[in-house]
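Below: one structure, written as structure tokens.
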Amino acid sequence: MERPVTIKPAQGKLGVLLPGMGAVATTMIAGVIAVRKGLAQPVGSLTQMGTIRLGKRTEKRVPKINEFVPLSPLDSIVFGGWDIFEDNAYQAAMKAGVIEKDLLNQIKPELEAIKPMKAVFDQKYVKRLSGPNVKTGKSKMDLAEQLRADIQNFKKQNGCDRLVMVWCGSTEVFIKPTDVHQTIEKFEQGLRDSDPNIPSSMIYAYAAIKEGIPYANGAPNLSGDVPALVDLAHKLSVPICGKDFKTGQTLMKTILAPGFKARLLGMNGWYSTNILGNRDGEVLDDPESFKTKEESKLSVLEHILQPEVYPDLYGKISHVVRINYYPPRGDNKEGWDNIDIFGWLGYPMQIKVDFLCRDSILAAPIVLDLALFLDLAGRVGFKGIQEWLSFYFKSPQHASAVYPEHDLFIQLMKLKNTLRWLKGEELITHLGLEYYD
Ligand SMILES: NC(=O)c1ccc[n+]([C@@H]2O[C@H](COP(=O)([O-])OP(=O)(O)OC[C@H]3O[C@@H](n4cnc5c(N)ncnc54)[C@H](O)[C@@H]3O)[C@@H](O)[C@H]2O)c1
């Protein structure tokens, strides 16, 4: 690609489609509406509050990101989605109990107007859930075609110029890629045969890519992360990314671990436990859904600390992650971490972190940023896996030839340098040779 890249303007309406209209999705939707009305601030959103340094420090050029690259304004966003429950966004947000009733009541009409379409769902993949608002079809291909029809109707009815899709549905059971996931042809045959290795989230990903819609996966299940769908995204010039929004405990891990490594402090172990009481916690109480989440959470440390490069410091880490469903907590998760580190001459030390967080409050700005950045990616002609958006994920989708980048600070540099590159600005290397001249 030539620099600067031609960026199509963010004109007209952007439809943000959300499979799964539970706690995270409704917290994001309600938040955007509240921000639009001047009732609250979009805290935690890089696209809304972030800045980007350009040129040398002496130039003092630090525009806001949304003034530097053309992003869709919040006023131009229209929301839609699917869920297995019939609750509209107001009812779902009330049930999720994340945002206070007072605020929800101030935006009630806008939220009530957002009603979920019938979902593609099979309880085989999410054991703890069942609901009435579900499509029936002759085959998984038939279901994919119904989703494509939903997408086309939504676009027409809402007068949208462009669409993006962000999976905010429940975590599905652990599935490893098999033969049916290897090529587009095998995958499409698998859809026609209703292959059991194709869970609902993959049907949404397929439908989105076929419709040319950028797709992000906020849960740890495979969804768009199989060779067939990555190839399809390339072939049809569609940007995709995933997996699993980086919030809570893993966010803390990817903030702290790069710091220990930077100072070459060794580590013997990292024990993490969580209690949470929302529907996500209930779904993760099923061992098969938990296994998907566990895999996603465990890979982080290994990639950041690189035990193969630093065997003396990180060669023998005991890394344990637990999640317990504890209803009284609702969405207000508590994540405890005990970190056993060692310093000079091997002397041991301990760090305890107790993060009383709000899961969906941390996830909502990620959904918004992903929607806006993926729309940008679509307008500049990026296709396939968008590694520059790894910043937002616990388990970043990556090209098969490379390992994923987990360090939050490298991820942020990569994201901002991608934006600089798009606009023909110098990349920032932090190299300063003033003392040499
Ligand atoms: N909140 C966070 O911090 C966070 C972080 C990382 C990942 N996630 C993931 O994001 C997802 C959403 O989290 P949440 O807290 O909103 O959960 P939630 O249970 O409140 O919402 C998920 C919704 O998805 C619906 N759903 C399930 N399968 C569906 C399907 N096939 N089609 C349409 N709808 C479907 C459920 O009915 C539910 O309403 C989960 O997979 C969770 O693991 C959340």
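Read the figures in this text as sums done on the coordinates, not as results from a lab. For clarity, every value in this text was computed on a predicted model and none was experimentally measured. We place every Cβ from the backbone using ideal geometry, glycine too, and count neighbours over all the protein chains shown.
Computed values, structure above
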{"read-out": "5 angstrom amide H check on residue 324, placed H, neighbours 5+ away", "value": "274, 275, 276"}
{"read-out": "Dipole of region 38-164 [Lys/Arg +1, Asp/Glu -1 at C-beta], most positive-end residue of 136, 46, 91", "value": "46"}
{"read-out": "Kirkwood Rh, angstrom, the chain [1 / mean 1/r, Cα pairs]", "value": "22.5 Å"}
{"read-out": "Backbone HN-Hα couplings from phi across region 44-53 [Karplus 6.51/-1.76/1.60, Hz, Gly and Pro as x]", "value": "x, 9, 5, 5, 9, 10, x, 10, 9, 7"}
{"read-out": "Amide H contacts of residue 81 (H built 1.01 Å from N, under 5 Å, at least 5 apart or other chain)", "value": "18, 117"}
{"read-out": "Using θ = phi - 60° and Karplus 6.51 cos²θ - 1.76 cosθ + 1.60, couplings along region 358-365 (whole Hz; Gly, Pro as x)", "value": "10, 3, 6, 5, 6, 7, 4, x"}
{"read-out": "Magnitude of the charge dipole, region 248-356, Cβ model with Lys/Arg +1 and Asp/Glu -1, debye to 20", "value": "320 debye"}
{"read-out": "Residues with amide H under 5 Å from that of residue 245, placed H, sequence gap 5 or more", "value": "219, 394"}
{"read-out": "Paramagnetic reach from residue 186 (point 7 Å along Cα→Cβ, amide N under 19 Å) across region 111-152", "value": "140-141"}
{"read-out": "Inter-centroid distance (Cα atoms) of region 395-424 relative to region 226-247, Å", "value": "15 Å"}
{"read-out": "Alpha carbon centroid spacing (whole Å) that separates region 313-341 from region 158-186", "value": "29 Å"}
{"read-out": "HN-Hα J in Hz across region 413-428 - Karplus 6.51, -1.76, 1.60, θ = phi - 60°, x for Gly and Pro", "value": "5, 5, 5, 5, 5, 5, 5, 4, 4, 4, 9, x, 8, 5, 6, 9"}
{"read-out": "Within a Gaussian network of the chain (alpha carbon springs, distance under 10 Å), most fluctuating of 54, 376, 71", "value": "54"}
{"read-out": "Calculated FRET efficiency for the pair residue 49/residue 302, C-beta based, R₀ 41 Å, to 0.05", "value": "0.80"}
{"read-out": "Size of charge dipole - the chain - debye, nearest 20, with Cβ of Lys, Arg +1 and Asp, Glu -1, no other charges", "value": "800 debye"}
{"read-out": "FRET efficiency for residue 8 and residue 435, using Cβ-Cβ distance with R0 set to 45 Å, rounded to 0.05", "value": "0.55"}
